[in-house]
Structures are given as structure tokens and as C-alpha cells.
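Heads up: the structure comes next, in C-alpha cells.
Every read-out reported here was derived from the displayed coordinates using simple, explicitly stated rules and does not represent laboratory data. Remember, predicted model here, so these are calculated numbers, not experimental data. Note that each Cβ is placed from the backbone with ideal geometry, even for glycine, and that neighbours are counted across all protein chains shown.
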Amino acid sequence: MKNTTTVVSASLVFAAFLLPAACGGSSQEQQPPQQQQAYYGQPGAYGQAGYGQQPAPGGQQPAAQPGQPAQTAAPPPTAAPAAPAPTSNPVADQATAAALKLALQPRAATEAKGMKEDGDAVAGMLQEGGTLDKDFMLMPGKCYTVLGQGFPPVAQLDLSIAVKIPIPMVPAGALAASSTTGAQASIGAGKNCFKYPFPVGANATLTVKATRGSGAAGAQIYSK
């Protein structure tokens, strides 16, 4: 009876040892499956195909990927061009010249009687102390009258004639100048026209000056 009990116990132990092997089990713990390795271009691997990268530390931009245009810095703004400097001698304008001609017509009938206009008038806007210049030719044997007119608020207008090339035995400076007062000026008005005394012509300059006050002004040369 004792032997039978021993054999039965040994059989049960041996059967319990073979049962896990028959079912495919093992005494060792089953290893968990390994995670798949992420590849470039898959979600979660270096962003989405190279996009969505985070900026590099220190504020530097990441290097451009192949096929992407490189970022370029914007050019610095250019300075605006400087405004042109004003000219020292104002340019004659047609509106002032037309007003001057109307103002001088009644004066020319008495102050430049029998004379003709010698060239165009010189006219323009003047600041106080500013001048207008007109070049013309002094011819021997001719007599000249110059009539000038300043418009308010010009209070004193002066005229002068000077040769551009010095003449021997003639002092430097104006050959003739106005001695009138006020906005109306003249050289050689009436019967006292200015006679050019030399046998050869000379290049001369008529200067119109707003001695006091600023505004429109001009002058016309007459000769006979």
C-alpha cells in the first residue's frame, strides 16, 4: 500500500512538470515586443518630412533643407534724394513780364519816346537785396533808356549798367545807374538817354535790384 501511494505521488509531480511544456509555455517570463524604429518622414520622426522644426538654441534659424529657398536679409532703406539748392538769380517768369509790359506802356510813351524795345524784358520775383541780370550788347552811336518797375511790396528799385569786359581808360564799375527813388526806376529817361561813347561794341549787363522790399520786379531796355 505504501509503495502504491509513492508511485501515484511521483506520477502527479511528473505530470505537473510536463503540462507547461505541452502548452508551449516556459518557465521564463515572456519578453515584451520591441517598439518599431521611427524613420525619416514618418509622423513623430524629426517632424513631418523635415517641416515643423523647432528653432535652434540662441535664436538662430535652422539650416535650410534641400529644396527650400535660403532666407535673405531685407536691403536697408535708401535715403531720400536731397532737394535741389535754390538759385541765387531768380528766373524770369511770363506772368511778371506781362504785368511789367502793361505797367511800362504809359511810361514808355513819355520817358522812352521815339525808342524801340531792345530785346526782351527781364522780370521775376525778388527777395529784398536780390537781383536780376540781363546781358545785352552796347552798340556805338546808339542812345539807351532803361525803365524799371517794382510791384508792392517792393519799395525801392535800383538799376545799373556795367560792361562785362573792362574797357581801357574806363574805371571799373557801372557805366550808368538810376538815381530815382521808389518802386519806379529809370536810366536816361526823357531827353537824357544814355549815349554809349566808344567806337566799338561791348557786352554789358543790366542789373535790377530790389533794394528795399520783396516782390515782383523787372525792367525793359529801349534804344534808338
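Values as computed for the structure displayed
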{"item": "For region 94-223, alpha-carbon Rg relative to the globular expectation (2.2 N^0.38 Å, N residues)", "result": "1.00"}
{"item": "Reachable lysines from Lys195, criterion Cα separation under 22 angstrom, eight or more residues apart if same chain", "result": "Lys113, Lys116, Lys134, Lys142, Lys164, Lys224"}
{"item": "Listed peptides 98-109, 176-187 by packing density, highest first (mean Cβ within 10 Å)", "result": "176-187, 98-109"}
